[in-house]
Amino acid sequence: MLVIDEEDGRRVARRVGLEATGVLGILLRGKQEGHIPAVGPEIVKLRQLARFYVAPALEAHVLRLAGE
């Protein structure tokens, strides 16, 4: 699995047969597998420590998927 957030890169990865996910996908999987208790606080940490940007609509969607 390739971890990449950039959409053009994801498109190319899929075209050559690679499975691709982004940071938010990793967080969702981490919650589903019990490695982290919640996704929301991790997004906050990413913003604070890594200047991570996520569009508000995407963040809301991810949090809904996470049941938060």
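The values are calculated or read from the model by the stated rules, or taken from the named source; none is laboratory data. Just so it is clear, the structure is predicted and the values come from calculations on it, not from any experiment. Cβ sites come from the backbone with ideal geometry, for glycine too, and all protein chains shown count toward neighbours. Calculation scope for accessible area: heavy atoms of the full protein, side chains included, ligands and nucleic acids excluded. Shrake-Rupley method; radii C 1.70, N 1.55, O 1.52, S 1.80 Å.
Could you list which residues have their amide H under 5 Å from that of Ile36, counting only those 5 or more apart in sequence or on another chain, with H placed in the peptide plane?
Correct list: Lys31.
Please report the net charge: other residues with Cβ closer than 13 Å to the Cβ of Ala55, K and R +1, D and E -1. If you can, show how the numbers build up before the last one.
Working: positive: Arg47; negative: Asp5, Glu7, Glu59.
In short, -2.
Which of the trypsin sites (Lys or Arg not before Pro) found in the chain are loop residues per DSSP with 16 or fewer other Cβ atoms within 10 Å of their Cβ? Before the final figure, lay out each step's value.
On the way: sites: Arg10, Arg11, Arg14, Arg15, Arg29, Lys31, Lys45, Arg47, Arg51, Arg64; in loops: Arg51.
Hits after loop and neighbour filter: Arg51.
Within segment 7-53, report the GluC sites (Glu not before Pro) that DSSP leaves as loop and that have at most 14 other Cβ atoms within 10 Å. Don't skip to the end; give the middle numbers.
Numbers: sites: Glu7, Glu19, Glu33, Glu42; in loops: Glu19, Glu33.
Passing both the DSSP loop test and the Cβ count: Glu19, Glu33.
Of all the accessible heavy-atom surface of the chain, with the other protein chains kept in place and a 1.4 Å probe, what percent is carbon and sulfur? Write out the running numbers ahead of the final one.
Details: 2800 of 4810 Å².
The C+S portion of the solvent-accessible surface of the chain is 58 percent.
Taking every eigenvalue of the Cα gyration tensor of the chain, multiplying by 5 and rooting it, what semi-axes result, largest first, whole Å?
21, 14, 11
Under a 1.4 Å probe, what is the accessible area of the chain per residue, stated in Å²? Each step should come with its number before you reach the end.
Values: 4810 Å² over 68 residues.
Normalised by residue count, the accessible surface of the chain is 71 Å².
If I model a spin label at Val44 and Leu2 as a point 7 Å from the Cα along the Cα→Cβ vector, what separation in nanometres do I get?
3.4 nm
Work through the residues other than Gly40 whose Cβ is under 13 Å from its Cβ and net out their charges, Lys, Arg +1 and Asp, Glu -1. List each step's numbers first, then the result.
Working: positive: Lys31, Lys45, Arg47, Arg64; negative: Glu42, Glu59, Glu68.
That sum, taken over residues with Cβ under 13 Å, equals +1.
What's the magnitude of the charge dipole for the chain around its Cα centre, counting Lys and Arg as +1 and Asp and Glu as -1 at the beta-carbon? Answer in Debye, nearest 20. Let's see the in-between values first.
On the way: 10 positive and 9 negative charges, 6 e Å.
Result for the chain is approximately 20 debye, rounded to the nearest 20.
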